[in-house]
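Enquirer: Encoded as structure tokens, here's the structure I'll be asking about.
The values are calculated or read from the model by the stated rules, or taken from the named source; none is laboratory data. None of these values were measured; they are calculated from a predicted model. Heads up, the Cβs are rebuilt from the backbone with ideal geometry, glycines too, and the neighbour counts pull from every protein chain shown.
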Amino acid sequence: MKNILVLGGAGYVGATVCEKLVRQGYKVTVPTRRRINARHLQHLSPVTLVEMDVHDEAALERAVAGHDVVINLIAILHGSPAAFEKVHVALPQKLVKACKVHSVRKLVHISALGVNGANPGTGPSAYLRSKERGEAVLLQAVAGSDLELTILRPSIIFGARDKFLNLFAKLQSVFPVMPLAGASARFQPVWVDDVATAVVQSLEQGVARSPDGSAVRILEACGPEVFTLRELVQLSAQLSGVRNGLGRPVIALPDWMGRLQARLMELAPGEPLMSRDNLDSMKVDNVATGQVAGLEVLGIRPAALRPIAAAYLRRM
């Protein structure tokens with residue numbers, strides 16, 4: 001039985017990954033800052049919850065010891081440049097160092113669609129620039145080593161517990177119209193179950209080594225359809241039955257007004273619904289580039305959004 005450490009295992013994608021790993025017979029360890037945050041995983045066996053701060057380098061190295069595989073799902077969508085750097089760059093740097101110290105065989109890292117792998121740190125948003133630097137750190141660290149690295153770049157991930165379609169459906173159940181920034185931005189949403197399956201399949205399939213001895217695989221995780229943000233917002237209301245399936249009028253905001261709206265959302269308490277950095281990220285189409293392989297190389301036929309989203313949005 002392989003021992004697998006899953007960073008971010010208590011999160012939206014992580015919980016699905018852990019469920020699939022357990023069904024496949026893996027022994028899973030999930031670090032969490034507070035055990036109560038991962039209580040929804042306690043029914044899974046064998047899953048071990050460990051209270052710790054993953055950003056503590058010494059604690060992280062102790063956690064990695066004894067594991068054959070490490071999966072990193074930790075990411076943030078909102079924050080300061082320093083916060084993005086801490087989560088998306090410094091953490092992968094500490095993690096790959098610990099993996100090499102303890103002879104971990106495989107590392108799977110979730111990045112993001114839209115990163116510029118050829119020119120790290122040049123993306124239009126702090127989020128994408130940090131994701132690019134995080135990839136660069138990993139690629140540099142595994143060059144010529146025995147560690148196999150798989151990087152998955154997903155588009156927006158949808159599923160029953162998503163904070164995307166569910167959120168827009170709830171907003172439209174309350175408000176008569178939807179003023180929308182970035183309405184023309186394009187996405188290729190991927191089902192959370194397909195992303196989790198890709199993570200598990202990455203463990204089962206070996207990675208071919210390049211002439212320099214590195215074993216690196218980069219995949220774009222996308223669904224079969226491309227939507228604009230406006231279309232996704234309208235679809236969330238239609239599938240959830242708002243106005244008997246008619247949805248609400250969506251008003252596309254000009255850029256200056258969208259940035260003002262995002263700024264006001266940033267000032268509200270809690271995690272913002274939209275930030276100016278999110279709008280900057282949407283300057284790059286969140287769709288497959290075709291420059292790297294997709295989920296099909298792992299034997300996965302990505303699921304269409306409508307039938308799956310209809311099933312969970314209809315229950316709202």
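Enquirer: State which residue pairs qualify: first residue farther than 25 Å from Pro189 by Cβ and of a type in the set (S, T, N, Q) and inside the stretch 10-33, second residue at pLDDT 95 or above and not in a helix (DSSP H, G or I) in any location, beta carbons under 6 Å apart, and separation of 6 or more residues or different chains.
Expert: Thr29/Leu5
Enquirer: Quick check on the stretch 251-274. Is at least one of its residues crowded, with 16+ Cβ neighbours inside 10 Å, more than 18 Å from the chain's Cα centre (by Cα) and outside any helix (DSSP H, G or I)?
Expert: Checked against the condition, which is being crowded, with 16+ Cβ neighbours inside 10 Å, more than 18 Å from the chain's Cα centre (by Cα) and outside any helix (DSSP H, G or I), the stretch 251-274 yields at least one hit.
Enquirer: A further question follows. Only one residue in Val17, Val22 is surrounded by 23 or more Cβ atoms within 10 Å (Cβ to Cβ) and assigned by TED's automatic domain parsing to the domain that holds Ala196, so which one is that?
Expert: Working: Val22 fails: surrounded by 23 or more Cβ atoms within 10 Å (Cβ to Cβ).
Being surrounded by 23 or more Cβ atoms within 10 Å (Cβ to Cβ) and assigned by TED's automatic domain parsing to the domain that holds Ala196 holds for just one of Val17, Val22, which is Val17.
Enquirer: Something else about it: Exactly one of (1) out of contact with any Phe, Trp or Tyr (no Cβ under 6 Å at 6 or more places or on another chain); (2) more than 25 Å from Ile4 (Cα to Cα); (3) in contact (Cβ under 8 Å) with a residue 24 or more places away in the chain; (4) polar (S, T, N, Q) is unmet by Ser130. Its number?
Expert: (1)
Enquirer: For the stretch 54-107, enumerate the residues that are over 19 Å from Arg133 (Cβ atoms) and either touching a Cys at 6+ places or on another chain (Cβ under 8 Å) or outside the structural domain of Ala143 (by TED's automatic domain parsing) (or both).
Expert: Val64, Val70
Enquirer: If you go through the stretch 163-183 one residue at a time, how many are in a loop (DSSP other than H, G, I, E, B) and either in contact with a helix residue (DSSP H, G or I) (Cβ under 8 Å, 6 or more places away or on another chain) or not hydrophobic (A, V, I, L, M, F, W, C) (or both)?
Expert: Total satisfying the criteria: 6.
Enquirer: Related question: Take residues that are modelled with pLDDT under 90 and tell me which of the strands (runs of 3 or more DSSP E) falling wholly in the stretch 1-52 contain 2 or more.
Expert: 47-51
Enquirer: Would you check if there is a residue in the stretch 67-74 being surrounded by fewer than 15 Cβ atoms within 10 Å (Cβ to Cβ) and part of a loop (DSSP other than H, G, I, E, B)?
Expert: Looking through the stretch 67-74, none of the residues is surrounded by fewer than 15 Cβ atoms within 10 Å (Cβ to Cβ) and part of a loop (DSSP other than H, G, I, E, B).
Enquirer: Another question, then. For the stretch 184-195, which residues satisfy the criterion of being crowded, with 19+ Cβ neighbours inside 10 Å and part of a loop (DSSP other than H, G, I, E, B)?
Expert: Ala185, Gln188, Pro189
Enquirer: On the basis of being surrounded by 15 or more Cβ atoms within 10 Å (Cβ to Cβ), in the same structural domain as Asp146 (by TED's automatic domain parsing), in contact (Cβ under 8 Å) with a residue 40 or more places away in the chain and among the β-branched types (Val, Ile, Thr), does Val216 make the cut?
Expert: yes
Enquirer: Just one of Val207, Val233, Val284, Val216 is in a loop (DSSP other than H, G, I, E, B) and either at positive phi or modelled with pLDDT of 90 or more (or both); which is it?
Expert: None of the others qualify; the one that does is Val284.
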